[in-house]
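K.L.:
If you scroll down you'll find the structure; I have some questions about it.
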Amino acid sequence: MKNGRDPVIVGLADAPIEGGKFVTKASVLGHAALVAKAAVEEAGLTLDDVDGLLTAGMWGVPGPGQLATVTLGEYLGIMPTYVDGTNIGGSAFEAHVAHAAMALREGYCEVALIVYSSDQKSLRSRNLGGRPSVLSMQHETPYGMPTPVGGYAMAAQRHMHEYGTTSENLAEIAVATRKWAQLNPAATRRDPLTVDDVMSSTMISEPLHLLDCCLVTDGAGAIVMTTAERAKDLRTKPVAVKGYGEAHTHWAIAEMPDLARLLPAQKAGETAMKMAGVSPSDIDVVEVYDSFTITVLLTLEALGFCKIGEGGDFVSGQRTAPGGAFPMNTNGGGLSALHPGMYGIFLLIEATRQLRGVCGDRQVAGAETALVHGTGGTLSSGATVILQKD
Amino acid sequence: MSTEQPLPVIDHDSAPYWQAAHEGRLDIPLCGDCGKHHFYPRAICPHCHSDNLNFDTVSGRGEVHTFTIARRPAGPAFADDVPYVVALIELEEGPRMMSRIQTDDPEKVHIGAKVEVTFVKASDEITFPYFTMT
C-alpha cells in the first residue's frame, strides 16, 4: 500500500572524470560539494533543504575523514539534523539508502543527501597493503597478505576447488562488463577486451589477474532522497526504494565463515527482496559490486540468480553482456567505468538512471525493477536495495 | 625476509599467544564452557560468548583451507619474497589462521595439503608460526 512517506530517489549527480582523474579542479571535498549541489538542484531543491546527511568519506584518514559527516556538513555550510556515517566499505551507500529510507518513513528527516568523493587516482594513494598490524590485523599484515586482492583471491581459489569454477568463467565477467563500458561515453576503459586478454594479463595474486581487478580512479557521486509526498512538487520523476537489507560477517579474511559463499549478500538480498515483494526473476536490471570478477560470481549465487556453485556456468556465453539474457553492471562497472575506492554509490546512480530510461545506447529496454548490491571490505559486508520505476 | 617486515602490535588478548610462539609453542584459546578452540585470541569465546577461556597448546598440524600466491608484494617489505604463499590454515583443532607456507615451489601448494607449524624468529620479541607441507 502506498504511503506519502514512502522513500524515493529524486536527485543524482556524478563528477566527470577523464583518464580516471577528475576534470574539474577542486579538492576532494570540493568534488563532494559540487555533486551534492548538482543532485539537489536537479530535483529542484537547494542545499538548504537538506536535513539528512549520509556519507562514508576517507578524507585524510586518520585526519578529518574520521568524522566524515561532520567534515562534509561543515564544508557544505549546512546543519543536518539526521546524520549517518555508516562505513562498511564500498557497500556503505546501499546501507545509507536503507537508513535514509527509515529516517524518511519515521519523519526524522525530509530531504536526505548521500555523498561520496575520492581523489585516490590523482593522489596515487590506493594502497591498503599497509594496514597497521594492530588488533585482528596483527594476525594478517605481517604475513604479507596483499590487500584487498589477496582475500578475494583466496575466495576464488576456494570456489574453484569446490565447484570447478575456472579463470575463463571469471574472465567472461570482465569481458561482458567492458562491452557495457563501450556503450557508456563516461566509462574510463572502452578499448576492446577478450577472454584471452584477461587470462594473459599479469598475475597479481593467484588466481586473480590484473584484468580481474577493478580500476583505480577518482570519482564523486551524490543521491537525494525524499518522501513520495514531497516528490510530487519536484522536477524529477521519482524512483521508489522498495526494499533494503544489510549484513556483515568478518573483517579479517580468516574469519570469513565460508570462503565460497557470500553470506552477507544472501542475508541482505533475502531481506530486501522480501520487503519489496519480489524474487530474482522479477528483476530487469542488476547492478552488483565488481571489485573483482569473483565478487560478481559470488554475489549472483548468493542473491539467488543461480544456484550456489553454478555461477561459472551462469556467466558464461556472455550472458551478462549487452544483448545477453541478464543485463548487469550496465555502466561498465568498477572493472571498466570507474572505481574510486568505494564504488557503491555509482551502482545506485546507474540503476536509477536505467529506471529513469536515460541511458542512451546502454539503456535496458523496459527496465522497471532494479536490484543493487554493494559489497565492502574483503567480502565482509553486503547491502541490497530494490528500486522500482514509480 | 626483509628487515622491514611489519611486526604485530601485541595487546592483552594476544600476548600469551605471541609469548608461546616465541618459545616454540602454538597456544590458542580454548573455551572452558563450550569446549571449542578459537583464533584469533579474544576476551570472550566467539562461539558461545563465555569468558571462561584458557590458552591451550595445540598440535600445530592442519591443512591448507585456501591460499594465494602473491606475484606482487604487499608493499616494499615483501618485495624480496615474491612469489610467496599466504594461506589460511585449518588447524586440526578447528580454527583457521593466516600464515605463510614455506616452500621452494609455490606451485606445489594446494587446498587440502597437510601442513605443520614451524617457528621463525623475526625479532627479539616476535617469532612467527609459519607452516610447511608434510
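The values are calculated or read from the model by the stated rules, or taken from the named source; none is laboratory data. The structure displayed is predicted, hence computed values, not measured ones. Methodologically, a virtual Cβ is constructed for each residue, glycine included, from the backbone with ideal geometry; neighbour enumeration extends over all protein chains shown. The protein model used for the area step is the full one, side chains on, heavy atoms only, and it has no ligands, DNA or RNA in it. Shrake-Rupley method; radii C 1.70, N 1.55, O 1.52, S 1.80 Å.
K.L.:
Report, by residue number, each residue of the range A:53-74 that is within 17 Å of A:Gly90 (Cα to Cα), polar (S, T, N, Q) and not in a strand (DSSP E or B).
P.N.:
A:Gln66, A:Thr69
K.L.:
Restricting attention to strands (runs of 3 or more DSSP E) lying wholly within the range B:41-134, give those where 1 or more residues are within 14 Å of chain A (Cβ to nearest Cβ).
P.N.:
B:61-70, B:84-91, B:96-101, B:114-121, B:127-133
K.L.:
How about the range A:284-390: which strands (runs of 3 or more DSSP E) wholly inside it have at least 3 residues that are touching a helix residue (DSSP H, G or I) at 6+ places or on another chain (Cβ under 8 Å) and open to solvent by 10 Å² or more (accessible area, probe 1.4 Å)?
P.N.:
none
K.L.:
Every residue in the range A:181-205 that is out of contact with any helix residue (DSSP H, G or I) (no Cβ under 6 Å at 6 or more places or on another chain) and either within 14 Å of chain B (Cβ to nearest Cβ) or farther than 23 Å from A:Leu12 by Cα (or both), please.
P.N.:
A:Asp191, A:Pro192, A:Thr194, A:Asp196, A:Asp197, A:Ser200, A:Met203
K.L.:
Please tell me if B:Pro41 is in contact (Cβ under 8 Å) with a residue 24 or more places away in the chain and closer than 28 Å to B:Lys108 by Cβ.
P.N.:
no
K.L.:
Working carefully through the options A:Glu110, A:Glu74, find the one that is of a type in the set (D, E, K, R) and without any contact (Cβ under 8 Å) to a residue 60 or more places away in the chain.
P.N.:
Numbers: A:Glu110 fails: without any contact (Cβ under 8 Å) to a residue 60 or more places away in the chain.
After ruling out the rest, the residue left standing is A:Glu74.
K.L.:
Condition check: more than 30 Å from A:Lys37 (Cα to Cα) and in contact with a helix residue (DSSP H, G or I) (Cβ under 7 Å, 6 or more places away or on another chain). Does A:Gly245 satisfy that?
P.N.:
no
K.L.:
Taking the options A:Asp196, A:Asp218, A:Asp191, name whichever one is acidic (Asp, Glu) and open to solvent by less than 20 Å² (accessible area, probe 1.4 Å).
P.N.:
A:Asp218
K.L.:
Could you check, for the range A:151-167, whether at least one of its residues is open to solvent by 50 Å² or more (accessible area, probe 1.4 Å) and of a type in the set (A, V, I, L, M, F, W, C)?
P.N.:
No, because not a single residue in the range A:151-167 is open to solvent by 50 Å² or more (accessible area, probe 1.4 Å) and of a type in the set (A, V, I, L, M, F, W, C).
K.L.:
Shifting gears a bit: Going through A:Gly52, A:Gly30, A:Gly90 one at a time, which residue ends up being open to solvent by less than 50 Å² (accessible area, probe 1.4 Å), closer than 19 Å to A:Thr227 by Cα and not charged (D, E, K, R)?
P.N.:
Of A:Gly52, A:Gly30, A:Gly90, the one residue that is open to solvent by less than 50 Å² (accessible area, probe 1.4 Å), closer than 19 Å to A:Thr227 by Cα and not charged (D, E, K, R) is A:Gly52.
K.L.:
Now for a separate question. From (1) closer than 28 Å to A:Gly245 by Cα; (2) crowded, with 23+ Cβ neighbours inside 10 Å; (3) in contact with a Gly (Cβ under 8 Å, 6 or more places away or on another chain), pick out the condition that doesn't hold for A:Lys121.
P.N.:
With respect to (1) closer than 28 Å to A:Gly245 by Cα; (2) crowded, with 23+ Cβ neighbours inside 10 Å; (3) in contact with a Gly (Cβ under 8 Å, 6 or more places away or on another chain), A:Lys121 is out only on (1).
K.L.:
For the range A:235-273, name all the residues that are within 14 Å of another protein chain (Cβ to nearest Cβ) and either in contact (Cβ under 8 Å) with a residue 40 or more places away in the chain or touching a Leu at 6+ places or on another chain (Cβ under 9 Å) (or both). It would help to see each step written out before you state the result.
P.N.:
First, the residues of the range A:235-273 that are within 14 Å of another protein chain (Cβ to nearest Cβ): A:249-261.
Residues satisfying the conditions are A:Thr249, A:His250, A:Trp251, A:Ala252, A:Ile253, A:Ala254, A:Glu255, A:Met256, A:Pro257, A:Leu259, A:Ala260, A:Arg261.
K.L.:
What are the pairs with Cβ atoms under 7 angstrom where one residue, in the range B:47-59, is open to solvent by 70 Å² or more (accessible area, probe 1.4 Å) and modelled with pLDDT of 95 or more and the other, located anywhere, is in a loop (DSSP other than H, G, I, E, B) and of a type in the set (D, E, K, R)? Sequence gap at least six, or different chains.
P.N.:
B:His47/B:Lys36; B:Thr57/B:Arg25
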